[in-house]
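First the structure, in the form of structure tokens, and then the observations on it.
Rule-based calculations on the coordinates, nothing more; no lab input. Here the structure is a predicted model, which is why all the values come from computation and not from measurement. FYI the Cβ positions are ideal-geometry reconstructions off the backbone, even for glycines, and counts take in every protein chain you see.
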Amino acid sequence: MHDIIITGGTVIDGTGSPGVKADVAIGGTRISELCKASEGKGAMVIDAKGMVVCPGFVDIHTHSDTYLLSCPLAESKIRQGVTTELVGNCGGSAAPLVGLARKVYAESNKSLWVEVDWSTFDEYLLRLSDLRTSVNVASLVGADTLRLGVIGADDRAPSDDELGEMNKLLADAMLEGAYGISSGLIYAPGCFAKTEELISLATTAASFGGMYASHIRGEGRTLVDAVAEAIRIGRESGCSVQVSHHKATGPKNWGLVKTTLAMMERARTEGVDVAFDVYPYTASSTALDTVLPPWARDGGKEKELERLRDPGTREAMKKEFPDRETEWENTVAEDGWANIVMIGFKDNGNKRFENRSVQSVADELGKDPADVAFDLMLKEDLGVGAIFHEMSEDDVKMVISHPLSMVGSDGESEAPYGPTGASPTHPRSYGTFPRAIRRYSMDMGLIPLEAMIHKMTSRPAERIGLKDRGVLAKGMAADVVIFDPERIRDLATFEDSHRYADGIVHVLVNGQVTIEDGQHTKERAGQVLRHKVSVA
């Protein structure tokens, strides 16, 4: 007698193989077996007739590091079928926190009602484990976090001793369970890191069997050079490379993904293990201050605010915005202020600007859009976010259907209530996986359903190094999603972003029913996953 038997469904096992009629038997936290329909017996029976039974979705690119401490039920993710999240992406991680990194991280997480009371990577994972979350969690180490902690916020190269200290912190974290390192090369201080610094860190990660994931140095007109840099880092370090949320931004750059996809295909034939993830939307989201040139962000937050207050410096920045030939990747020149929509205001006086473009607010106020952006960044202490409508649907289709792609949300575990529901968000936090299935597989028919589920399950699990997840097979962790193929779809929109997906009927995490008939059971059976390494 099994603990649970899931009967009557079509099993898509995550390997890309065609779906079959079978029952899934679960004992404790593991899958006991896949058996012929109606042959298994269970203390609990879940009727999956007319539904698809597949592995829990593995979100290879998320920013839930402290969102899970604020929202441990992981509502927006578990309700779309995500059972495992990889955090620590785009160069930022919750640990290790030393020096300025600890101060900055503690301040930035006040809005989530999270007290940063850890320093080491192990302490952070223990904090997650003690709290218990509804999803499994694995983490990378952020290269930007290491740089901020050891070097500070200045635009300069590390000394030999500083680079050694960054590598030591990374090695310690790898021994404590990190799965690799990430970089965020459009953010300060990550944008100040030279390629050689990143090769050094990636070499350390590779020596422990870890990966290198990168928000590359540019996704617009510098996209080709940025992908070439990522490939070089992989080639010279021996590290596997994951290009994060691959895209081409700005209308003049649409179509460049044809070139970069070919580059990555060629690199793989030359022995570089490079792949990428993608989210199924044509808009990105990050902090509004990323529109500023790197020199304006040199030295950290207080210096950045000083520059925004200084009339002469503001004029210097404004002169750069229309120029597409700047040395840095100029988001404003690529997208225009009308395509940059602001979110995340904390000041009640600014709440009326939520979900509005910089240009529309400037038109209302009769002000220059750059001045509007500068003023709001000042009033919000740099805490305002933005959604950038900057990608082509044709590019998204090309990238998501490519054999090397995986699906990753680039979002967070959120809920419509509490601190995470206080402001609009990008709908990817609520709808990525159902949207990819409904829109790009079932409606458009770009790739078969089995292939899309493969991109969400065993493919990312293997990429991260999760040996017992991502496939429905005997002995694997009992992370299971049961969805209605007629109903599955995303409901979150840019105008109404805090809406749970539809059609995800049941979700099990480590054998525990966490979503039942579409509702959260309040179960928190997620595990903190630690990378296991052997050092000679």
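Quick notes on this structure:
- Length gained on full extension, Arg309 to Ala106, computed as 0.36 nm times the residue gap minus the Cα-Cα distance: 70.6 nm.
- MRE, 222 nm, helices only [DSSP H, n ≥ 4, -39500 (n - 2.57), over the chain, to nearest 500]: -9000 deg cm²/dmol
- Prolate/oblate/rounded label for the stretch 292-356 (Cα gyration tensor, a/c 1.5): oblate
- Glu123 versus Lys379: modelled label distance in nm, points set 7 Å from Cα along the beta carbon direction: 3.8 nm
- Size descriptors for the stretch 5-88: radius of gyration and Dmax over Cα atoms are 15.2, 44 Å.
- Of the two radii for the stretch 96-162, the radius of gyration is 1.02 times the Kirkwood radius, both from the alpha carbons; that is the Rg over Rh value.
- Cα pair distances in the stretch 63-131, grouped into 10 Å bins until the bin that holds the longest one, percent each: 19, 55, 23, 3
- Principal axis analysis of the Cα atoms in the stretch 125-238 yields extents of 43, 32, 27 Å, listed in decreasing size.
- If you look at the Cα atoms of the stretch 489-536, you get an Rg and a Dmax of 16.3, 54 Å.
- Span-rule helices in the chain, defined as complete DSSP H runs reaching 20 Å or more along the axis (Cα) with Kyte mean at least -1.0: 160-175, 223-237
- Translational D in µm²/s for the stretch 207-358 (Stokes-Einstein at 25 °C, 0.890 mPa s, Kirkwood Rh from C-alpha pairs): 140 µm²/s
- Counting only lysines at least 8 places from Lys49 when in the same chain, those with an alpha carbon closer than 23 Å to its own are Lys21, Lys36, Lys41, Lys474.
- Distribution of pairwise C-alpha distances over the stretch 270-326, 10 Å bins, in %: 17, 36, 23, 19, 5, 0
- Net lengthening on full extension, Arg232/Glu327 (0.36 nm per residue, minus Cα-Cα): 32.2 nm
- Entry for Rg and Dmax of the Cα atoms in Å (calculated from the structure that is shown) out of [x] 22.5, 77; [y] 30.0, 121; [z] 23.9, 74: [x]
- Note on the stretch 365-465: the alpha carbon radius of gyration divided by the globular reference 2.2 N^0.38 Å gives 1.42.
- Gap separating the Cα centres of the stretch 380-443 and the stretch 225-291, nearest whole Å: 17 Å
- Within the stretch 77-175, chymotrypsin sites (Phe, Trp or Tyr not before Pro) in DSSP loop having at most 14 other beta-carbon neighbours inside 10 Å: Trp113
- Gap separating the Cα centres of the stretch 154-175 and the stretch 471-486, nearest whole Å: 40 Å
- Principal axis box of the stretch 421-467, alpha-carbon based, largest edge first, Å: 36, 30, 9
- A simple spin-label model places the labels of Glu495 and Arg268 4.0 nm from each other, with each point 7 Å out along Cα-to-Cβ.
- Rg and Dmax [Cα atoms of the stretch 188-286; Å; Rg one decimal, Dmax integer]: 13.3, 41
- With the simple model of a label 7 Å out from the Cα in the direction of the Cβ, Glu393 to Ala473 spans 3.8 nm.
- Cα-Cα over 25 Å, subset of Lys194/Lys303; Lys319/Lys379; Lys103/Lys532; Lys168/Lys467; Lys351/Lys522: Lys103/Lys532; Lys168/Lys467; Lys351/Lys522
- Taken along its three principal axes, the alpha carbon spread of the stretch 1-158 comes to 64, 29, 23 Å, from the longest extent down to the shortest.
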